[in-house]
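Read-outs throughout are calculated quantities, based only on the coordinates presented, and are distinct from any laboratory measurement. What you see is a predicted model, and the numbers here were worked out from it, not measured in a lab. Cβ coordinates were reconstructed from backbone atoms using ideal geometry, including for glycine residues, and neighbour counts include every protein chain displayed.
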Amino acid sequence: MAVVKDETMSIKSSEDVVRVRQVAREWATAQGLSLVDQTKIVTAASELARNTLDHGGGGTVKLEAINSEARRGLRLTFEDHGPGIPDIELALKDGYSTGSGLGLGLSGARRLSNEFEIFSRVGEGTRVTIARWK
Amino acid sequence: MKPKEEKSRIPEMIARRESDLLADWLQEQLAAATLRGDLMKESELREQSHQFLNLFVRACSQQTGMSDISAPGWEDTREFLSSVSRARAHQGFSPSETATFIFSLKQPLFTLMRQELEGDPRKLADEMWVATALLDKLGLFTTEAYQKGREEVIRRQQQELLELSTPVVVLWEGVLALPLIGTLDSARTQVVMESLLQKIVETGAGIAIIDITGVPTVDTLVAQHLLKTVAAKRLMGADCIISGIRPQIAQTIVHLGVNLADVITKSTLADAFAVALRRAKLVITRAENHG
Amino acid sequence: MERIPILKMGDYLLVTIQVDMHDRLALTLQDDLTEGIARTRARGVLIDISSLEIVDSFIGRMLGNIAAMSRVLDAETVVVGMRPAVAITLVELGLSLPGVRTALNVEQGMRLLQLAGAEQENFNGRGER
């Protein structure tokens, strides 16, 4: 998989969340994603950036523009060293039904992305990776 | 320690004997069974070959990185080859017909080099190696560019087909209709739905009727798209009516377990239109018949 | 502190969101609107989101909150101008914005507000507010 460009941004304030949306939008456009696909991944990025800030105590997002033979797209990896999520399955299911910020953001991001991966350990932090292909 | 790269004599040789080389190369191309006289005129071919040689010489004259065609010094050549390949793809050439453009240069070039480097067999061998490696890479590049050109053609044709087969009709002021015909696949449904939503915004239509009379079957994926479109329309502030639902399709939708309570469904487009008019508070009256 | 301007048009309040709001700004808007409705005794609020390219769950919930709070204060809320891509994404997200009425544009939105206001009066059985 050929990563043609990558950049890491820090997420420490709500202005940073806005900045993440803008940069993700620029990259999605550059990768040629359709308007709807752009909107989906930027919205997913917004959810995850907010989670990183509100629940992870701040963190980073790495953006990767990918051009491989098979496909072209954008991958975002959100990482924080916060409290971590004790039961991911529960958060994904629960959050969706109770509308709590963390769960809703996670399940929402999953629904909006082609790929979704999450690693979390209590006391160490959380890493969520999403990708959207053209 | 790697010896300093001896400067290749290829650019200088070509520059000096250009007219001969061009003539030989053209002869090769015209003689090749793969030339499509019906698709391209000889004058056009001559022009393209001439331009390529110029670019080739310029790129080979750079100091370092001559053999790496992805280097910046080769950018002009790459762009030229890309546009030639794309043009040929659009014109209907096959991939090998297109790559022949490059590969047919080998024989004339080697002939030229043999003449120029007659007394120096080692130098000749080196230069032929450089030349063949270069032309192979460029030939492959041409094929890849051709592929991209073909994909563009296919995509454009698909788009045109889609647009032709799914026109959005303005039934009345503020009432749109989208008659879907034929089998729907997921990709087509998505495109169609997005253009309907776009049309709603453009015309400010408060009501949109999706008519699926002409659709024989609807699978679960398509049904989901349909319902998502209805939901999106409501979010945007437009009303939605689905008409022309056959019994089997009704079953599929019910099996999905979706609540159709807030979606108006009618069996015919005519009924749907009547509902739309009522909601838009429009009334049709028959003109009085005098005499 | 930056705020999103709220315009008063007769009995209605009009808000046009043109910037990509960070969370604090959105919360400020929520507060300002609620306070504005109470202070001006507005009958309705029109929120124009035609410039918004992204509406995520936070903004979605903000819109829902505004609708709910204005209803408590006896006013209607209409959101207008949602872009197709945004609508599709919200549906995918599973957000249905309950309690939020929508219209395609400001003109249709105002009509909706006026109609809703008239219905309310008939229901409440009172003429003057």
Kirkwood-Stokes translational diffusion coefficient of chain B, alpha-carbon pairs, 4 °C, 1.567 mPa s, µm²/s: 53
Sum of -39500 (n - 2.57) over DSSP H runs of 4+, divided by residues of chain A (222 nm, nearest 500): -14500 deg cm²/dmol
Violating pairs (Cα-Cα greater than 25 angstrom) within the set A:Lys40/B:Lys199; B:Lys281/C:Lys8; A:Lys5/A:Lys134; B:Lys199/C:Lys8; B:Lys148/B:Lys199: B:Lys281/C:Lys8; B:Lys199/C:Lys8; B:Lys148/B:Lys199
Rg followed by Dmax, in Å, when segment A:3-133 is reduced to its Cα trace: 13.9, 42
Sequence ranges B:124-137, B:96-109, ranked by mean other-Cβ count within 10 angstrom, highest first: B:96-109, B:124-137
Compactness relative to 2.2 N^0.38 Å, alpha carbon Rg of segment B:10-157: 1.05
Calculated P(r) tail over 18 Å for segment B:79-172, as whole % of Cα pairs: 60
Debye-sum result for segment A:1-56 in log10 I(q)/I(0), which assumes one identical scatterer on each alpha carbon, at q = 0.20, 0.21 Å⁻¹: -0.74, -0.80
The protein assembly as shown - Rg over Rh from alpha carbon coordinates, Kirkwood radius: 1.11
Chain C: calculated mean residue ellipticity at 222 nm from DSSP helix runs of at least 4, using -39500 (n - 2.57): -16000 deg cm²/dmol
Chain B - mean residue ellipticity at 222 nm from DSSP helices (-39,500 (n - 2.57) per run, n ≥ 4, rounded to 500): -20000 deg cm²/dmol
Kirkwood-based shape ratio for segment B:169-279, expressed as Rg/Rh from alpha carbons: 0.92
Euclidean distance between Cα centres, segment B:176-204 to segment B:60-90, Å: 42
Span-rule helices in chain A, defined as complete DSSP H runs reaching 27 Å or more along the axis (Cα) with Kyte mean at least -1.0: A:35-54
Kirkwood hydrodynamic radius of chain C, from inverse mean 1/r over distinct Cα pairs, in Å: 14.9
Neighbour-count order for B:Tyr146, C:Tyr12, fewest beta carbons within 10 angstrom listed first: C:Tyr12, B:Tyr146
Inverse of mean 1/r across different Cα pairs in segment B:119-178, Kirkwood, Å: 16.3
Neighbour-count ranking [beta-carbon atoms within 10 angstrom, fewest first] of B:Phe93, A:Phe116: A:Phe116, B:Phe93
Extreme residue, positive dipole direction of segment A:3-133, given options A:Gly73, A:Ala45, A:Gly57 (C-beta unit charges): A:Gly73
